[in-house]
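Worksheet: one structure, shown below.
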Amino acid sequence: MILGASQPVFIPWGGYFGLIDYVDNFVFLDHVQFERRGRQQRNSIKINDKEHFLTVPVFSKNKRNQKINEVLIDDKSNFVEDHIKTLKYNYSKAKYFEKYSIDLFKIYKKKHKKLIDLNIDLIKYFCKVLKINNKFIFSSDLNVNNFAKEDLILEICKIKKCDDYISTIGSKIYLKNIIKFNENNINVKFYEFEGKKYKQFGNSFIKNLSVLDIIFNLGDDAINYIKENFKITS
């Protein structure tokens with residue numbers, strides 16, 4: 001069995017969905033510490049041929065140690081209206097904007113109280129659009145609360161009895177002691193997402209934006225682009 005894991009990210013990039021598509025089970029690391037101003041609450045789109053971040057405002061003051069599944073959205077903000085206006089203004093001329101924006105905006109308007117609920121709803125919607133079928137698991141359901149990050153991943157792999165664990169190249173930073181995985185008959189492999197140029201609305205190409213950009217520009221062909229750019233490196 002092939003396993004992948006990641007924090008529940010806000011409108012993730014294409015590589016995130018390449019991983020979900022590749023593995024048999026995907027674990028949302030929802031009980032780890034929230035990273036303020038990280039990808040858990042923001043991601044990038046294209047505005048005037050430049051990268052721009054859409055950010056979900058959250059309550060974080062005096063909450064340094066809160067976990068991802070505890071983070072509350074700042075309901076006093078107008079971020080939903082702001083995001084919708086921004087997406088309409090900058091993507092309405094993209095080829096497939098009308099096809100996907102209606103359902104996307106319905107999710108935005110659900111008045112989620114927690115950031116994780118918004119992120120998971122969006123991820124599941126994108127998986128539906130991309131025709132990716134997968135079994136999602138939450139780390140908070142696995143009784144793995146007392147493990148540091150590397151040992152946390154190892155323990156999850158052991159619980160799920162996986163043969164291969166797939167991770168981003170960047171994760172080599174904390175997956176230093178791969179011998180622990182090998183001792184448990186778990187192969188650790190890393191992936192890269194090439195982010196090749198596609199027909200993107202605008203005058204210049206920006207790689208590795210949110211999956212929104214891929215879907216609005218490529219439509220049904222978005223999943224083929226994601227599969228072609230997802231590469232196992234070791």
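Coordinate-derived values only; no laboratory data. Everything numeric here is computed off the predicted structure, so don't read it as measured data. Methodologically, a virtual Cβ is constructed for each residue, glycine included, from the backbone with ideal geometry; neighbour enumeration extends over all protein chains shown.
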- [ ] Report the extension gain between Asn203 and Asn145 in nm, rounded to one decimal, defined as 0.36 nm multiplied by the number of residues separating them, less their alpha carbon distance.
- [x] 16.1 nm
Task: For Cα extents along the principal axes in Å, calculated from these coordinates, the label among [x] 53, 42, 27; [y] 47, 38, 32; [z] 51, 43, 41 - done: [x]
Task: Highest average packing first - 92-103, 208-219, Cβ atoms within 10 Å - done: 208-219, 92-103
Task: Out-of-range pairs (alpha-carbon distance over 18 Å; input Lys149/Lys231; Lys158/Lys180; Lys135/Lys161) - done: Lys149/Lys231
Task: Principal-axis tilt of helix 149-160 within the chain, Cα atoms, nearest 10 degrees - done: 80
- [ ] Work out how much length Tyr125 to Asp24 would gain on full extension: take 0.36 nm times their residue separation and subtract the Cα-Cα distance, in nm to one decimal.
- [x] 34.5 nm
TODO: Please sort 155-163, 60-68 by packing, taking for each peptide the average over its residues of neighbouring beta carbons within 10 angstrom, highest first.
DONE: 155-163, 60-68
Task: Label zone at Ile169, where the point sits 7 Å out along the Cα-to-Cβ direction: the stretch 197-219 residues whose backbone N lies under 19 Å - done: 197-198, 206-210
Task: Theoretical FRET efficiency, 1/(1+(r/R0)^6), r = Cβ-Cβ of Asp117 and Glu228, R0 25 Å, to 0.05 - done: 0.20
TODO: Please sort 134-140, 222-228, 192-198, 14-20 by packing, taking for each peptide the average over its residues of neighbouring beta carbons within 10 angstrom, highest first.
DONE: 14-20, 222-228, 134-140, 192-198
Open item on the list: Quick check: from the Cα gyration tensor, does the stretch 1-112 come out rounded (a/c under 1.5), prolate or oblate?
Closed with: oblate
Open item on the list: Between the stretch 187-218 and the stretch 14-76, how far is it from one alpha carbon centroid to the other, in angstrom?
Closed with: 18
Open item on the list: From the helices alone, meaning DSSP H stretches of at least four residues, give me the mean residue ellipticity at 222 nm for the chain, per-run term -39500 (n - 2.57), in deg cm²/dmol to the nearest 500.
Closed with: -10500 deg cm²/dmol
Task: Total charge dipole magnitude, the chain, about the Cα centre, Cβ charges on Lys, Arg, Asp, Glu only, Debye to nearest 20 - done: 600
- [ ] Return one number: the angle in degrees, 0 to 90 and rounded to the nearest 10, between the long axis of the Cα atoms of helix 79-91 and the longest principal axis of the Cα atoms of the chain.
- [x] 70
- [ ] Report the antiparallel proportion of the DSSP beta bridges in the chain as a percent, rounded to a multiple of 5.
- [x] 45
TODO: Could you work out how far apart the two model spin labels at Asn184 and Lys63 are, taking each label as a point 7 Å from the Cα in the direction of the beta carbon, and quote it in nm?
DONE: 3.1
TODO: May I ask for the angle, rounded to the nearest 10°, between helix 115-130 and the longest principal axis of the chain, with both axes built from Cα atoms and the value confined to 0 to 90°?
DONE: 80
Task: Whole-number percent relative contact order across the chain, with pairs defined as alpha carbons under 8 Å at least 6 apart - done: 30
